[in-house]
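The values are calculated or read from the model by the stated rules, or taken from the named source; none is laboratory data. What you are looking at is a predicted structure, and each value in this text was computed from that prediction instead of being measured. Cβ placement follows ideal geometry from the backbone for every residue including glycine, while neighbour counts extend to all protein chains displayed. Protein only, heavy atoms only, side chains kept; ligands, DNA and RNA dropped before computing areas. Shrake-Rupley method; radii C 1.70, N 1.55, O 1.52, S 1.80 Å.
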Amino acid sequence: CDNQIHAKAPASTGSNIQMPCLDDTSNAGTLIAENGSISEAALTFTNKTVGAYKFSSGQVLTSYELMQDSLIDVESLVAEQAGIRIGRIQETYFSTGTGSAQPQGLVVGSAAGKTATATNAITVDEIIDLVFSVDQAYKTTGNVGFMCHPSVLAAIAKLKDDNGSPIFAQNYAGAEARVPTIMGYHVTLNSNMGSTLEASAKVLLFGDFSKYVVRDVAGDGGITIVRQSETYATSGQIGWVAIARSSGLLLTANATTYNPV
């Protein structure tokens, strides 16, 4: 199986990190006879640069009256909502970022696995071909699955096999309750992906999503909250802004493929 080499670097700085990547799925050991020669097969590494991009929640303003009269912890609530805002914008770029002056998204980094024949539909056979376009080495962990927009999943849920049974499965009991699956693989819903089946749209991802690396500067998910007590004092307000530096990169494109229509 393929092993990704995760470089260790100080999380407190935003300097570029060179990530050594290895895709050895095309190589295997050899059977040799007694006294036979052992062939050479070097490991081939490539390097990918992971930078750090700055994300902001935007200004959040609270009045003096709200801070003084509220029965809830406004400061904690503002920090929570500002963090959620950053999470939303990060999810957008980690999904569809171009990789140029911004993070590389999963959709952009993944390799083409299967192209649908029609420009407005996906067939069962095409989904099967998408699954088998990924090397088996990347399908042996619990990180393997599908990713798509909820509207695309709705279209796939209506597909039937030759026996008239849906390939989409919904669990209703136990720990897996209400987790959608396709062909036994979990489906992650991502509203930042394409929502309609149209020409050249990359609508369905499949593969090992652990090969997508998210880098957070200053710790795991580090977010800085800045309180601006004086800037808005003349209007009787306190300003808040959350800032985070992070990036994302798919280390091995062949580990995740997409199905464009």
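Before moving on, here are some points about what is shown:
- Cα shape, region 38-192, gyration tensor, a/c 1.5 rule: oblate
- Charged neighbours of residue 116, selected by a Cβ distance under 14 Å, balance to -2 (K, R count +1; D, E count -1).
- Peptides 46-59, 143-156 ordered by packing proxy, namely the average of other Cβ atoms within 10 Å per residue, highest first: 143-156, 46-59.
- Put a dot 7 Å past the Cα of residue 61, heading toward its Cβ, do the same for residue 151, and the two dots end up 3.5 nm apart.
- Here residue 114 is the anchor, and the lysines within straight C-alpha reach of less than 27 Å, apart from those fewer than 8 places off in the same chain, are 48, 139, 158, 160, 202, 211.
- The chain shape via C-alpha gyration tensor axes, a/c threshold 1.5: oblate
- Axis angle, to the nearest 10 degrees, between helix 74-96 and the longest C-alpha principal axis of the chain: 30 degrees.
- Here each label is just a point 7 Å from Cα along the line to Cβ, and for residue 163 and residue 235 those points are 6.4 nm apart.
- Protein accessible area in the chain, 1.4 Å probe - carbon and sulfur %: 50
- Sparse-neighbourhood loop sites, GluC sites (Glu not before Pro) in region 25-80 - DSSP loop, at most 15 other Cβ within 10 angstrom: 34, 40
- Inter-centroid distance (Cα atoms) of region 8-81 relative to region 211-261, Å: 12
- Length gained on full extension, residue 30 to residue 42, computed as 0.36 nm times the residue gap minus the Cα-Cα distance: 2.9 nm.
- A Förster radius of 30 Å combined with the Cβ-Cβ distance from residue 195 to residue 22 puts the calculated FRET efficiency at roughly 0.30.
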